[in-house]
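Beneath this line is the structure, given in structure tokens, with notes to follow.
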Amino acid sequence: MRFTLMVLCIMLCAGMSFAKSVTFVENGNPKAVILISSQPDPDENLAAKELVEHIEKISGCRIDIVQQGADKRWQINPALGSKGICYIFLGSVAMTPEMEKSIRSKGTDPDSFMIQVQSNPAGISSIRIAGLSSEGTLFGVYDLLEQIGVRWYMPGDIGAVIPEKKTITIEEQNNIQVPSFPARHLQMAADKTWYRRMRLGGPYFPSAHGINIGKPDINKEPELFALVNGKRQASQLCISNPEVLARAIKETKNYFRKNPSAEWIGMGPNDGGGFCECENCRALDAGDFDIFEHRVSMTDRYIWFFNEVLKGISDEFPDKKIGFYCYSCYMKPPVKVKPDPRIVPAFAPISLCRIHGMSNPVCPERSYYRKIMEAWGKILPETYERGYFFNLADPGFPFSKVHAIRDEIPVAHQLGVKGWRVETIPHWASMTPTIYIATKLFWNHAADVDALIHDFAINFFGPAADEMEKYIVLMDAALRDADYHTGCSHDLPFIYNPQIMKTAAQYLKSAEAKTKNTKFAERVAIFKLSYDYLAAFLSMLENRNKFDFVSAKKDLEKVQEIQQVAFKYNPQMFSEKPATSYMKRFFSPCVEQGYERVTGKNIFVAGLPDEWDFLIDPESLGEELGYFRTGKIGGNWTKIKTKTLSWSDQGLRYYKGDAWYRIVVTIPEKFRGKKVLLWFGGVDELAKVWLNGNVIGTSPGKAFVPFEFDVTDFVNWGKENFIAVKITNERLNELGTGGITAPVMFYARQE
């Protein structure tokens, strides 16, 4: 038995590694000094300052910063002594030829760094942190601080985790880090200090909506602008016009003369449609039809134009580049035009699903995005990602994309994408895990996401770590597994179904109990705020869809109250401008106007059902065929939902064109003699409405805005009334849907 135990002990010891560590604060006393250049640049100074301030917050101990003298000596406080002291070298004074060689063997990105921690038998230890740039040194300091337990999950004090310990040690290491992507940016308003602590930075992809040709006047020079339906309009330029090209070359040269350090210029169509239909512009197209945009791809004509601009500036600027958005109907690669290698696309797949990852089997269309990314990577040496990490038109409800980014960021690295400039709204109460993990994957595409979530839960929520980790995973999985794809907030009742909401509430309730009267309580409260916000919104949709606008208005007021609480945090837990503007644009008008029409002197008459007869009309034949007539009409009509499901949810995806709705409703005889109106809570985007074969009006044409018609003279009292609605949907909007999108009802107005 003793022999067996001895062998087991030897085996265990052989499998263990006893890592040595260096101590630089001991029992609240300094055991180190920070050494920097006599002429440090701003980032080296910042690196030293950040290290000193965080060590003091952790231990209460302040470490001295010593600059190198002109004689290359250091004036170190004698009180430190020499035994057991740790010298922390930062930046240029830390870099040795061997360190630089070691870093460059892994990569040459200027943000790369090395942390070298060594102990000495004589008791003198050293920590060297040096980057290939001063920013690399700063990032190395941030990594060291993370190693000793510091975290910055969101900007401000509430997002910072500062451990409390009187003794601080760091393991010996030769730690070289090179970012996976040279460019790592989140396009959002964020605290710059937090931004850099997350090691975001690198080349910033330029904006690419529009082509600068000076300030042409369409009234004086109409030929420079797009010919659309036989008329010149300012939606786009006529890029086949030689004068447009000449002016673009001139303005591009002027830009680079004024900005000689600029690597590239952003260029592309204006955001939106209205492309030139003149014979010469059409001749530039390859005839490649974009099935996702339902129109001919515009990529070839613009790649031709970019090629010509680059050719025109090459005499003076042979190395400058053009960055453009791979977006809308110019997302597909060119078919007949070979792009100049100085053209740099940035993928912005707005017309593809914005919820799921490209490997998710629940979302076949997102896999198409991988094909786009791969195809561009084969024809151009440099590509970027300019997608979306938030739910478009979302006022700040829970929306986790952890499942998507853990899938797509490694794939992007594999396919050679050079960097990110992702559109993001910092709704911190719901988006913190997504944003935080994205920054980590930008730096290291192979980071362990499950470990990051676990680390976040432990450090951010303390005793409630288990419940909050389960909550985060639950809410993320709800989106991952949902067969909804437009990104529309109308889908949230189905994504966060009653069972998920019940389970989430249980996790949050337990987390609140475990963190009561602790420093973690406020962090749990933030996530609970996000949950309550969602719950009030879901209740509002449910009540408005039942025509209970009195209850829906109370829910809306609750939503607005929660917003005001969230706006008072620093940083704001919901970003105020998008949160308020999206609610006002897409949701609150229906509830507020619906409330007005069922209260006071107004009387609810009849609510139309969710499901209507439906038929798409891509050739716009419906009016000629009389789809608005009373009585039964053939033509293979089907059933479709209106106020609860979008077109995409019902197999129509981003259908563009005409579509028809029909429904029959009885208006009670008791309302005869009153003024009766037919009210629509919203459509996308233009509606023409008939009642009993009579055209009663056309909507204003602005999507999601309520409208109504006086139908008193057209009602069959106490009998069947036939309603027909022709919807015309032409433009892709933030909600990515179409058709009737809100409740429809009759109400009577007391004069």
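The values are calculated or read from the model by the stated rules, or taken from the named source; none is laboratory data. Just so it is clear, the structure is predicted and the values come from calculations on it, not from any experiment. Here the Cβ is made from the backbone with ideal geometry for all residues, glycine too, and neighbour counts use every protein chain on show. Side chains are part of the model used for accessible areas, which takes the heavy atoms of the whole protein and leaves out ligands, DNA and RNA. Shrake-Rupley method; radii C 1.70, N 1.55, O 1.52, S 1.80 Å.
Across ILE103, ILE124, the residue with the most accessible area heads the list, and the full order at a 1.4 Å probe is ILE124, ILE103. Secondary-structure-derived ellipticity at 222 nm for the chain, considering helices only, amounts to -11000 deg cm²/dmol, per-run term -39500 (n - 2.57) for DSSP H runs with n ≥ 4. When nucleic acids and ligands are ignored and a 1.4 Å probe is applied, LYS546 ends up with an accessible area of around 120 Å². Accessible area ranking (1.4 Å probe, heavy atoms, ligands and nucleic acids excluded), largest first, for PHE547, PHE24, PHE494: PHE494, PHE547, PHE24.
About the centre of its Cα atoms, region 77-228 shows a dipole size close to 340 debye [charges on the beta carbon of Lys, Arg (+1) and Asp, Glu (-1) only; nearest 20 debye]. Please list, in order along region 711-725, the HN-Hα scalar couplings obtained from phi with the Karplus expression 6.51 cos²θ - 1.76 cosθ + 1.60 (θ = phi - 60°), rounded to whole Hz, x for Gly and Pro. Along region 711-725, the couplings run 10, 3, 7, 10, 7, 8, 5, x, 10, 5, 10, 9, 10, 10, 10 Hz. The HN-Hα couplings worked out from phi for region 179-192 by the Karplus form 6.51 cos²θ - 1.76 cosθ + 1.60 (θ = phi - 60°) are x, 5, 10, x, 10, 9, 9, 10, 7, 7, 7, 9, 4, 5 Hz, whole numbers, x standing for Gly and Pro.
Tell me the net charge near ASP217. Cut-off is 15 Å between Cβ atoms, ASP217 excluded, with +1 for each Lys or Arg and -1 for each Asp or Glu. Within the 15 Å Cβ shell, the charges total +1. Rounded to the nearest 10 square angstrom, HIS413 shows an accessible area of 60 square angstrom against a 1.4 Å probe.
Structural descriptor for the chain: relative contact order 9 percent, calculated from alpha carbon pairs under 8 angstrom and at least 6 residues apart.
A simple rule links phi to the HN-Hα coupling: the Karplus curve 6.51 cos²θ - 1.76 cosθ + 1.60 with θ = phi - 60°, which for region 237-242 gives 9, 8, 6, 7, 6, x Hz, with x for Gly and Pro. With everything on Cα atoms, drop me the angle between helix 402-414 and the longest principal axis of the chain, reported from 0 to 90° to the nearest 10. In the chain, helix 402-414 runs at an angle near 70 degrees to the longest axis. Looking at the square roots a ≥ b ≥ c of the eigenvalues of the Cα gyration tensor of region 105-172, which shape do they give, rounded for a/c under 1.5, prolate if a/b is larger than b/c, or oblate? Note, shape of region 105-172 comes out oblate. Distant-in-sequence amide contacts of THR383, defined by a placed amide H-H separation under 5 Å and a gap of 5 or more residues or a different chain, comprise LYS418.
Here volume of the Cα convex hull per residue in Å³ was calculated from the structure, and among (1) 217; (2) 383; (3) 225 it sits at label (3). For region 193-270, the relative contact order works out to 40 percent when only alpha carbon pairs closer than 8 Å and six or more residues apart are counted. Placing +1 on each Lys and Arg Cβ and -1 on each Asp and Glu Cβ, with no other charges, gives the chain a dipole about its Cα centre of roughly 680 debye.
Amide H contacts of TYR569: none lie under 5 Å away among residues 5 or more positions distant or on a separate chain (H built 1.01 Å from N in the peptide plane; Pro and chain starts excluded).
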